[in-house]
1. For the pair LEU277/SER199, report the inter-label distance in nm, with labels modelled 7 Å from Cα in the Cβ direction.
2. Where in the stretch 76-94 does the amide nitrogen come within less than 17 Å of the point 7 Å from the Cα of GLU231, taken along Cα to Cβ?
3. Ratio of the chain's C-alpha Rg to 2.2 N^0.38 Å, to two decimals?
4. CYS236's amide H: which non-local residues (gap 5+, or another chain) put their own amide H closer than 5 Å, with H modeled 1.01 Å from N in plane and none for Pro or chain starts?
5. What distance in nm lies between label points placed 7 Å from Cα along the C-beta direction at LEU357 and ASN296?
6. Under a plain spin-label model, where a point goes 7 Å from the Cα along Cα-to-Cβ, how far apart in nm are TYR329 and ASP19?
7. For LYS214 and LEU180 in one chain, what is 0.36 nm times their gap in residues minus the Cα-Cα distance, to one decimal in nm?
8. Quickly rank 240-252, 160-172 as a protection proxy: mean count of other C-beta atoms within 10 Å, highest first.
Amino acid sequence: MKRINNLFEITFKFKSQADITSIKPYGSGHINDTYRMKNLATEEYDYLLQKINHHVFKDVPKLTENMCRVIAHLKNKVSQTGAGDPQKEVMTLIATKAGPYFYQDTNGEYWRMSRFLKNTKTYDVVETAQQAYEGGKAFGKFQSMLCDLSPDLLHEVIPDFHNVKKRLEQLDDAIAHDPLHRLSLVPAELETIKAHAKSMLFFQEDAQVLTLPKRVIHYDTKFNNVLLDVEDKAQCVIDLDTVMPGYVAYDFGDAIRTIINKGTEDERELSNIKLNLPLFNAYTQGYLEEAMQFLNEWELRSLIKGVFLLPYMQAVRFLTDYINGDTYYKIESPHHNLQRTRAQLQLLKELFGHAELLEQNILKEAEKYQLIKN
Ligand code: GN1
Ligand code: MG
């Protein structure tokens with residue numbers, strides 16, 4: 001009860017017109033703590049209160065600056081193009097009474113508040129091709145609207161976030177220390193990771209990367225970061241914590257990682273991990289409908305690299321955390337990070353088994369459009 005009282009006190013620090021009737025833990029994020037607050041003051045929105053994990057996000061003021069910059073840019077775009085209601089198509093942060101868009105409590109914890117649109121939903125596992133298509137539209141439009149925001153204006157809030165070479169070094173460090181003596185439990189997973197390491201270094205080592213522009217991307221395009229309305233139409237992209245400069249293929253790959261998998265991200269029963277190809281095609285269709293306005297030829301060709309990289313890198317990150325003793329991701333059971341690693345490696349295996357088909361499908365879908373030549 002004390003905890004909930006504290007949460008109420010925290011909400012008073014923000015400039016909301018809320019009539020808050022309940023506060024409950026919300027969502028399935030692995031890093032921040034999120035609470036949904038029912039608001040009787042309006043029909044349109046509730047509120048979300050989030051405790052930002054400042055062990056992961058070490059500079060909350062800079063993170064907040066990124067978010068505010070991106071939100072302002074997106075809201076402007078939506079207003080200028082008449083593409084909808086900026087209050088609904090773009091997330092809205094609430095300022096504190098003191099001014100900033102975050103509040104630091106006396107324990108040093110950071111909090112932020114945002115609107116939560118009523119009558120919207122998210123899915124951890126995609127159910128229909130329509131949803132996958134809408135997800136593709138949402139993330140394609142997101143990147144497209146941010147095309148004219150200079151990436152240099154954004155802080156790299158987590159340096160080398162999708163640099164797989166660095167992620168492999170972090171795994172090597174974990175192996176060297178092995179604080180919980182877990183190495184003996186993971187020889188097969190380590191072997192698979194080592195076997196594919198070289199082929200995953202495209203974005204670090206291939207000369208082709210010089211043809212790829214760095215753009216403002218989302219960096220966490222899990223399907224549950226798209227809000228859908230009651231008719232399953234994409235409403236709004238959420239979770240802007242990691243918006244930073246990067247390659248578009250990272251976002252494409254991370255979305256496919258969560259959309260194409262018939263199982264869950266941490267599926268225990270590996271035989272449930274199968275590809276849902278119609279969903280892959282639907283996502284690709286929605287994404288390219290928006291993104292072909294700005295993608296260059298090499299970016300288009302790089303998308304498939306992201307499809308393999310993201311589940312691989314996620315496996316590396318989960319396994320690193322497992323060996324380190326589960327200090328980064330929230331876990332629900334003692335070997336949760338190992339289970340997540342296995343699920344991601346199984347997904348990778350399935351993806352490799354369909355590599356040519358997936359690549360052909362992307363290129364075939366792109367043939368509908370005029371390609372921007374380099
Ligand atoms: C984390 O907390 P959440 O679910 O938004 C992680 C992502 C991973 C994801 C895996 C800052 O995101 O990079 O892809 O878990 N975020 C951070 O589900 O590390
Ligand atoms: Mg996130």
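1. Reported label-point gap for LEU277 and SER199 is 1.9 nm.
2. From the stretch 76-94, the list is 83-85, 88-89.
3. Working: Rg = 20.5 Å, N = 374, 2.2 N^0.38 = 20.9 Å.
That works out to 0.98 for the chain.
4. Correct list: LEU227.
5. 3.3
6. Roughly 4.2 nm, to one decimal.
7. Working: separation 34, 0.36 × 34 = 12.24 nm, distance 3.88 nm.
The span from LYS214 to LEU180 would gain 8.4 nm if fully extended.
8. On the way: 240-252: 24.5, 160-172: 16.8.
For the peptides 240-252, 160-172, the packing ranking is 240-252, 160-172.
The values are calculated or read from the model by the stated rules, or taken from the named source; none is laboratory data. Note that the coordinates shown come from a computational prediction; the quantities given were computed from them, not determined experimentally. Methodologically, a virtual Cβ is constructed for each residue, glycine included, from the backbone with ideal geometry; neighbour enumeration extends over all protein chains shown. The area values use the complete protein model at the heavy-atom level, side chains included, leaving out ligands, DNA and RNA. Shrake-Rupley method; radii C 1.70, N 1.55, O 1.52, S 1.80 Å.
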